[in-house]
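Trainee: First the structure, which I've put down as structure tokens, then a few questions once you've had a look.
No value in this document is a laboratory result; all are computed from the given coordinates. Source: prediction; values computed, not measured. Here the Cβ positions follow ideal geometry from the backbone for every residue, glycine too, while neighbour counts run over all protein chains shown.
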Amino acid sequence: MKKFNIRKVLDGLTAVSSSSSASQTGAGKENDAVPESLQSEHFQLCKTVRHGFPHQPCSMAFDPVQKILAVGTLTGALRLFGRAGVECYCQHESGASVIQLQFLINEGALVSALADDSIHLWNLRQKIPAILHSLKFNRERITYCHLPFQSKWLYIGTERGNIHIVNVESFTLSGYVIMWNKAIELSTKTHPGPVVHISDNPMDEGKLLIGFECGVVVLWDLKSKKADCRYNYDEAIHSVAWHHEGKQFLCSHSDGTLTTWNIRTPAKPTQIITPHGKQPKDGKKPEPCKPILKVEYKTTRAGDPFMVLSGGLSYDTVGRRACLTVMHGKSTAVLEMDFPIVDFLTLCETPYPNDFQEPYAVVVLLERDLVVIDLGQIGYPIFESPYPLSIHESPVTCCEYFADCPAELIPALYSVGSRQKRQGYSKKDWPISGGNWGQGTESYPEIIITGHADGSIKFWDASALMLQVLYKLKTAKVFERARGKEEKANADIVDEDPFAIQTLCWCPESRMLCVAGVSAHVIVYRFSKQEVATANVQLLEVRMQCELSDVDSPDATGEQTPTQASSLPSSPQDGEPPATASTQPSAGGNGSNSSADGHRDNIPCLQVRSSPLKQSPGYQVELVVQLVWVSGEPPQQITSLAINSSYGLVVFGNSNGLAVVDYLQKTLLLNLGTSELYSPSEPNQRQPCSPRKARQPSGALCDSNDGPNAAEERCKSPNSVKYKSRRFSKTVANDFGTVSVTPRMSRKISSSNDQKPNPDSKDVLFSRSRSSSMTSVDRESREAVCALCFCETFPKKSSEGAPSPCVLVGTTQGSVMLVALSLPHGDDHRLMQPVGISSCGTVARLKGGILTMALLDAAGAVLPASYEPWYDPNASDEEQEKEKSRWRRPASPPSSQEGHDSQFAVLCSEKQAKVLAMPSQTRVYKHSITESSFVLRADVVQMGGGNCIACLCANGHIMTLSLPSLRPLLDVNYLPLTDMRIARTFCFSNLGQALYLTSPTEVQRITYSQETCDNLQEMLSELFTPVETPEAPNKGFFKGLFGGGAQSLDREDLFGETASGKASRSLAQHIPGPGNMEGMKGAASGVVGDLARARVALDERGQKLGELEERTAAMMASADSFSKHAHDMMLKYKDKKWYQL
């Protein structure tokens, strides 16, 4: 009597229970014995790091002592950069735009001013910066902030023209206020406008320079609380810059002029220049130019000063790119930028404003890039950026994440990628060099691959929470580029980005890469360290259109095949190799490229290069597969892709069906419609919609009006494939001759399909539609291939024999089919004999489209697909033979217990997950993942010695399920699906890592591993490092004697509560931040964090003790010297009388 085992799996949120039964007697005992090491306490979700260029930047600041750069964005984000690998991300809760940033130089703190009229103090002394204080203004809008060096009083200018003063230590307002009506002249009848500039005189801290938008500049005396001088100009002011001696300042105006003012002569400017204006010969005023948005004036000790400005170009330069102008002495350099300039900063050797600045670089923040210019070299070259800021060089269309890769991969990719670097960079080191790397113990190779809209693919080293580009591959080089509009409209099915990457598949062990593009093309690449001088592209053209019909399929010679499919050989060993017939090449527009009614036919969307292709070291083209137009219908997008280096096969599918390509023999092995993968007796089989009567299906009787060439093409095998050799001669193969089909159905098998994509399927939903003519019947009946997996399993339900190579095929309707592969034995036979393929019918059916599939052994460990170890295809024969001796990784040994299941098949769809026992195909476990939403991405991942399924749902939940029991281990409401970019780029990887594109320019990495979360503090980089502040400039003897040096100001006496009183409570509201000192101590966890704080404290204490010791020694030496001189004086005048002195 059969025993039944009932198991219940409880979902933590939906409380959905499901039962499973084992049909075999011993199956239940085997399943109970499967150990599972992963538990709920092993999982925790948190963000780790964010890479890429800040999205929508709007402000910037630099700490010249700590060498840290801060960038604020329109969405309230802060990105901080130090040396290569040191970067940090934090976010304001309000999400308001960051209008200005101010560092507390060498204090480990940053002040941010937002567009919602709030200012925040960030603590940068901890690895994850936090807000210490916030101040929200209620009645006035903030327009400008200024924090003097080594001062705790922050000046805040407002839209009303007033200036308020804030103590940055307590974040309280001072009662000292500079009102706009007191700053301007009483005779002025109009409001001066918002405050656009505040700065103190470099030589006199008691004098404050205030710039109003209308063009009025006021020099305010803080002590006497009145204006010393007022400087009026007719044009609006955008920025102001001081000369370091404090006697002159420079203003940039809206008409493109620069005015230089002497502080003692406010009547008129001492100089007016228009850097980019045309000077009239008759002495008239130059023609107005565009506004100069910012100007900086930096002096040097040994030469002419530098004047750096943005904007100011002439209005007749229409369409010219944004420029940065560097004026040095008599030379003027205009540096064109690729994108509009947001802000720029001049980096100087000293933080003191009253000393020679000695500028050495300019940091230019563009809308989509960050550029640093070297001012110390001729020609002003740029520095090579160590940051991964080029992710968005072309929009990212797909992304894959590989953790724990082979160790030799990253050096190999770096070696070939280093040859692609540009030349002409500055030879100096990157000037933004602050911070220290983390001390994380986790070190394993991680690689991220991004596909882009221009057809490029980038490989990134993502190890140790860093990101660095390794290698860039340009797939568009394989194709001819359309030159004219007529040529472009010939066969393109996309208006923009015809080379965009749709999906990719990569085998790290064999280094084989397979790429699918939006123009229905697949490219297979091999990795080689040697350059191929002349290599022509190998091309396969495939017609994918499958229908059921009573007409038999003709073979390649035009003869009818028998109606009984049993006459086809079941394996390649039993039958003859496919027959071929060569045809002459036909140009586009002839009968072979158009159907009877004038539609496009048998033409691909892109034209492969006919000239020899020089391939550099790295990834080199092995084969190009293109889907062609069929009877006026464009080829459908490729929705799934898989490659196996051990078998030498590529399999891909779309809404028309499935295709298997042998990239070793460059032949098409299988081309079937999705419905033809079902067995005739299966209840799950979905009949395709009826073909349209108006269209003559390919492969039917020839039309006499098509001409002899077209008749020859149309009467060939509908499953024929055009194979272009090195000289692009076309051959036709009866590629279906090696496929065994169930003999119960007489079918016409064609390589094209008249059906349309199902918009309800996830893969088609996230991609652009290829056809505008789509009927409602087609929408409902479309079933696309959406998941593929190479594996070694049992093709039949009996456990006789060992596992054999197979392909698991998943569809958008939830069906999982099995396709068996029969590979010739031996290397020589593999290259000569064809591969046998047979469809084994449906394995299971789930709700929703299939997302991922995998196999486990009897112990619950993932069974990876076999692979061919990498060898250089262009190396010598001896080296190839040495590598090929390890041709194939041994497959997992079959179970020694006959009659029992020895594998588990893991299947996950948009709604549920199932685990089947193989080969009996009995459902062992079942779990309903979600009812109200659907799963966007699912992956079977390895973590901590165990395996699990990681899922992302459209409602933002991230979940993990144990294997094989499908117990819920984690369910966190992480982030809702607000952008299709997240769904397109989200991917899980092993060891608890995941990532997604959080903006068009940034990659967010997260972890769902408790161990990684615990060690995150140690792994993150440090922004603040103890650095001694440079010494202040010497006054000099005469300046100290006559008072010509910088004059200090005791701001506490002026702005303190005792002197100026309390500010109005209704003016601003103080909000204590979560990152104050108590919160910081509680947030910083771990022994390393405590040791780091202790180390910093000891360093500071030791530094102070050292300074005290030096001062004590100096005082002792001075006392000894004074004592000696006093003793000498006493001896000299000891015996002398008073009148002898």
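Trainee: Between M1129 and K428, what is the FRET efficiency for a Förster distance of 35 Å, r being their Cβ-Cβ separation, to the nearest 0.05?
Mentor: Details: r = 56 Å, r/R0 = 1.60.
FRET efficiency, M1129 to K428: 0.05.
Trainee: If you stretched the chain out fully between M179 and Y444, how much longer would it get, using 0.36 nm times the residue separation minus the C-alpha to C-alpha distance?
Mentor: Details: separation 265, 0.36 × 265 = 95.40 nm, distance 6.02 nm.
Between M179 and Y444, full extension yields 89.4 nm more.
Trainee: Next up: Could you give the nm distance between label points at E384 and K1136, where each point is 7 Å from its Cα heading toward the beta carbon?
Mentor: 7.3
Trainee: Could I ask something else about it? With each label point set 7 Å from Cα along the Cα-Cβ vector, what nm distance links R419 and F339?
Mentor: With each label placed 7 Å out from Cα toward Cβ, I get 3.1 nm.
Trainee: Further question on the same structure: Give the Cα extents of the stretch 252-331 along the principal axes, in whole Å, largest first.
Mentor: Per principal axis, max minus min of the Cα coordinates gives 38, 28, 23 Å.
Trainee: Using 0.36 nm per residue of separation minus the Cα-Cα distance, give me the extension gain between Q271 and S933 in nm, one decimal. Could the numbers behind the result be given before it?
Mentor: On the way: separation 662, 0.36 × 662 = 238.32 nm, distance 6.82 nm.
Additional length available on full extension: 231.5 nm.
Trainee: In square nanometres, what is the average projected area of the Cα convex hull of the stretch 622-674?
Mentor: Working: hull surface 15.4 nm².
Projected over every direction and averaged, the Cα hull of the stretch 622-674 covers 3.8 nm².
Trainee: Here's a follow-up. What per residue convex hull volume, in Å³, comes out for the stretch 191-345 when only alpha-carbon positions are used? Walk me through the intermediate numbers first.
Mentor: Values: hull volume 20.6 nm³, N = 155.
Taking the convex hull of the Cα positions in the stretch 191-345, it is 133 Å³ per residue.
Trainee: With θ taken as phi - 60° and the coefficients 6.51, -1.76 and 1.60, list the Karplus ³J(HN,Hα) couplings across the stretch 982-997 in order, rounded to whole Hz; mark glycine and proline as x.
Mentor: Once rounded to whole Hz, the list reads 5, 5, 6, 10, 5, 8, 9, 9, 5, 6, x, 10, 7, 7, 7, 8.
Trainee: Mind listing the long-range amide H neighbours of Q1047? Cut-off is under 5 Å, sequence gap 5 or more, other chains count too, H placed in the peptide plane at 1.01 Å from N.
Mentor: Residues meeting the amide H criterion: D204, E205.
Trainee: Sticking with this one: Give me the log10 of I(q) over I(0) for the stretch 261-380 at q = 0.09, 0.14, 0.18 Å⁻¹, as the Debye formula computes it from C-alpha points; what are the numbers?
Mentor: Ignoring solvent entirely, the Cα scatterers give -0.29, -0.69, -1.07.
Trainee: Using a 7 Å offset from the Cα along the Cα-to-Cβ direction at both R301 and S1064, what is the distance between the two label points in nm, to one decimal?
Mentor: About 4.9 nm, to one decimal.
Trainee: Oh, and also: May I ask you to order 249-256, 1025-1032, 92-99 by the average number of other C-beta atoms within 10 Å around their residues, highest value first?
Mentor: Values: 249-256: 23.2, 1025-1032: 12.8, 92-99: 17.5.
Most protected by this proxy first, the peptides run 249-256, 92-99, 1025-1032.
Trainee: What is the gain in length, in nm to one decimal, between R1111 and A983 on full extension, counting 0.36 nm per residue of separation less the C-alpha to C-alpha distance?
Mentor: On the way: separation 128, 0.36 × 128 = 46.08 nm, distance 6.34 nm.
Here the answer is 39.7 nm.
Trainee: Given Cα positions, please report Rg to Rh for the stretch 49-93, the hydrodynamic radius being the Kirkwood one. Walk me through the numbers before you get to the answer.
Mentor: Working: Rg = 10.2 Å, Rh = 10.8 Å.
Radius of gyration over Kirkwood radius for the stretch 49-93 works out to 0.95.
Trainee: On to the next question. Measuring from centroid to centroid over Cα atoms, what is the spacing of the stretch 145-200 and the stretch 387-463 in Å?
Mentor: 45
Trainee: Next up: With the Cα gyration tensor of the stretch 912-1000 in hand, give its eigenvalues times 5 under a square root as the equivalent ellipsoid semi-axes, listed largest first in whole angstrom. Kindly include the intermediate steps, with their values, before the conclusion.
Mentor: Working: eigenvalues 122, 45, 24 Å².
Each semi-axis is the square root of five times an eigenvalue, giving 25, 15, 11 Å.
Trainee: Let me ask something additional. Calculate the FRET efficiency for H191 and V972 from the Cβ-Cβ distance with a Förster distance of 56 Å, rounded to the nearest 0.05. Working shown, then result.
Mentor: Numbers: r = 53 Å, r/R0 = 0.94.
With a Förster radius of 56 Å, E is 0.60.
Trainee: Which of the peptides 106-117, 129-140, 215-226, 1123-1134 is most tightly packed, and how do the rest follow, going by the mean number of other Cβ atoms within 10 Å of each residue?
Mentor: On the way: 106-117: 21.1, 129-140: 18.9, 215-226: 17.0, 1123-1134: 9.7.
Result, highest mean Cβ count within 10 Å first: 106-117, 129-140, 215-226, 1123-1134.
Trainee: Can I ask one more? Taking R0 as 22 Å, what FRET efficiency do you get between K247 and Q150 from their Cβ-Cβ distance, rounded to the nearest 0.05? It would help to have the intermediate numbers written out before the result.
Mentor: Values: r = 22 Å, r/R0 = 1.01.
Step by step, r from the Cβ atoms, then E = 0.50.
Trainee: At 1.002 mPa s and 20 °C, plugging the Kirkwood radius over alpha-carbon pairs of the stretch 784-825 into Stokes-Einstein gives what diffusion coefficient in µm²/s?
Mentor: On the way: Rh = 11.1 Å.
D = 193 µm²/s.
Trainee: Provide the per-residue ³J(HN,Hα) series for the stretch 35-44, in order, calculated from phi with Karplus coefficients 6.51, -1.76, 1.60 and θ = phi - 60°, each as a whole number of Hz, with x at glycine and proline positions.
Mentor: Going residue by residue, I get x, 10, 8, 7, 10, 4, 6, 7, 10, 7 Hz, with x marking Gly and Pro.
Trainee: Next question, about the same structure. What are the ³J(HN,Hα) values, in whole Hz, obtained from phi via the Karplus relation 6.51 cos²θ - 1.76 cosθ + 1.60 with θ = phi - 60°, for each residue of the stretch 218-232 in sequence order, with x given for Gly and Pro?
Mentor: Calculated HN-Hα couplings, in order: 10, 9, 9, 8, 5, 6, 7, 6, 8, 7, 7, 9, 10, 10, 10 Hz.
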